[in-house]
1. Of the residues 78, 43, which is in a helix (DSSP H, G or I), modelled with pLDDT of 95 or more and away from ligand 2 (no atom under 14 Å from the Cβ)?
2. Report, by residue number, each residue of segment 2-40 that is over 17 Å from residue 251 (Cβ atoms), away from ligand 2 (no atom under 15 Å from the Cβ) and within 24 Å of the chain's Cα centre (by Cα).
3. Return the pair list, or none, for Cβ contacts closer than 6 Å from residues in segment 8-21 that are within 16 Å of residue 69 (Cα to Cα) to residues that are away from ligand 2 (no atom under 15 Å from the Cβ) and in a strand (DSSP E or B), at least 6 apart or on different chains.
4. Pairs please, first residue from segment 171-190 and over 27 Å from residue 152 (Cα atoms), second anywhere and charged (D, E, K, R), Cβ atoms under 7 Å, 6+ apart in sequence or on different chains.
5. Pick from 350, 354: which is touching an Asp or Glu at 6+ places or on another chain (Cβ under 6 Å), assigned to a helix (DSSP H, G or I), within 16 Å of ligand 1 (Cβ to nearest atom) and within 16 Å of residue 272 (Cα to Cα)?
6. Taking only pairs six or more apart or across chains, which ones have beta-carbon atoms under 6 Å, a first residue in segment 364-392 that is within 16 Å of residue 318 (Cβ to Cβ), and a second residue that is assigned to a loop (DSSP other than H, G, I, E, B) and more than 12 Å from ligand 1 (Cβ to nearest atom)?
7. Pick from 34, 72: which is within 16 Å of ligand 1 (Cβ to nearest atom) and either under 28 Å from residue 308 (Cα atoms) or in a loop (DSSP other than H, G, I, E, B) (or both)?
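The values are calculated or read from the model by the stated rules, or taken from the named source; none is laboratory data. The shown structure was predicted, so the numbers you read here are calculated from the model rather than taken from an experiment. When we count neighbours, we look across all protein chains shown, and the Cβ atoms used for this are built from the backbone with ideal geometry, even at glycine.
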Amino acid sequence: MYCTSYRCTLCGKEYRYDGRMLTCPHCGEKGILDILYDYDAIRRDFSRASLETCGELSLFRFAPLLPLNTTDFSPFLRVGCTPLYRTRSLHNVLGVSAAYVKDDGHNPTGSLKDRASVVAVAHAIELGYAVIACSSTGNAASSCAGNAARMGLSTVIFVPERAPEGKLAQLLMYGAKVVSVAGDYRMTFELSKATIDKYGWYNRNAGINPVMVEGKKTVAMEVAEQLHWLPTDWVAVSVGDGCTIGGVYQGFYDLYQIGFIERIPRILGVQSFGCCPFVDAHFAKSELKPALENTIADSIAVGVPRNPKKAQRAVEASHGEWISVGDDEILAAMKVVGNCEGVFSEPAAAAATAGVAAAVERGIISHNDSVTILSTGSGLKDVKNALTAVTRPMPCAPTLEALERSGLLN
Ligand SMILES: *Cc1c(COP(=O)(O)O)cnc(C)c1O
Ligand SMILES: [Zn+2]
């Protein structure tokens, strides 16, 4: 393992890496930690060439850049190495020179959250935990439950009542103990925190556990590798808690530090109008204020983000931008991505595409720029909202004559 220390994102204090620290002892719960690596040692042992021949077809290809001692990854669910599609027509619709869609709906439980969960499960096993717990808007929950089930850990999951049925069904199939909290995500998080503190389970809450960003950063590393180490000008990602966008920046940052890439792309953070505390804080130049959670993009409906520092740093340090889009734009984007590229995104995932469209319109992204869009979750997780964006087919009598009369073939 190449981890050397933790550094608090708030006070800057450093602590020796022991694998167990969650937040800064000095700052408390808000003292989110970064995990620091010995980049010189990684540079010595790990290269673009060694990566090419390593034969690992999961995110564990980047194991030297993960906080794990595990060396045998074969028993785990296969997470990562998802396709990156060069778009065939979406870039024309968006008005950019080239676009790529990273389809993380291909992960075993259907979302990017698997990247954090599989690393969390490996980490929990290394530390000897038997129970792993988290609160989630839905995907972290189903992903945690699936990855834990595979490795024989028990899970206790806290979800807000409004979690879509597809995600709930997954949780129950994976055998998780599910606490459906009669309240919003903030209340869900608070209850999970109190319970985990009392019972001493492994805490997979992405807001505070520094290992989660480390898992999620592999999406950026894969994108860079798939683009032959020449990332696009922009990478667009939807933002809820802020852990994913923090991970995207961290992944590019690590690759930059070990000399795999020469430039970190600009990162576009996308939120929904109905819940956009980051966007509001950015334009008001103020601290984050609690926001309502009023959007169909349930996975990014996070009124009180727990990882604001890393998210804000991602946009600032990459010279990126924040943008918000309406639910109508999100639904339209879902249809466009499905139509143009054959990729079915859930609303929160399609928000990234809607964000690119809006950013091009406002001149933030130029027509000469290239963009990578992270499709963070599969549309199959929430078909109810998807069906509101399309017209259901009229039933047709089962004869060719009736079909031709219906006008459907015209
Ligand atoms: C969780 C999630 C996000 C946002 O990730 P955060 O770490 O909460 O910012 C985006 N899209 C999907 C599909 C998600 O599940
Ligand atoms: Zn601190």
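1. Details: 78 fails: in a helix (DSSP H, G or I).
That would be 43, the only listed residue that is in a helix (DSSP H, G or I), modelled with pLDDT of 95 or more and away from ligand 2 (no atom under 14 Å from the Cβ).
2. 19, 20
3. Pairs that qualify, where the first residue is within 16 Å of residue 69 (Cα to Cα) and the partner is away from ligand 2 (no atom under 15 Å from the Cβ) and in a strand (DSSP E or B), are 17/3; 17/4.
4. Pairs found: 182/161; 184/293; 185/293.
5. On the way: 350 fails: touching an Asp or Glu at 6+ places or on another chain (Cβ under 6 Å).
The unique qualifying residue is 354.
6. Close Cβ pairs (under 6 Å, with a partner that is assigned to a loop (DSSP other than H, G, I, E, B) and more than 12 Å from ligand 1 (Cβ to nearest atom)) amount to 369/96; 369/233; 370/97; 370/232; 370/233; 371/96; 371/232; 372/232.
7. 34 is the lone residue from the list that is within 16 Å of ligand 1 (Cβ to nearest atom) and either under 28 Å from residue 308 (Cα atoms) or in a loop (DSSP other than H, G, I, E, B) (or both).
One line per residue, one yes/no per condition, for (1) crowded, with 20+ Cβ neighbours inside 10 Å; (2) among the polar types (S, T, N, Q):
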| residue | (1), (2) |
| --- | --- |
| 69 | no, yes |
| 86 | no, no |
| 93 | no, no |
| 107 | yes, yes |
| 115 | yes, no |
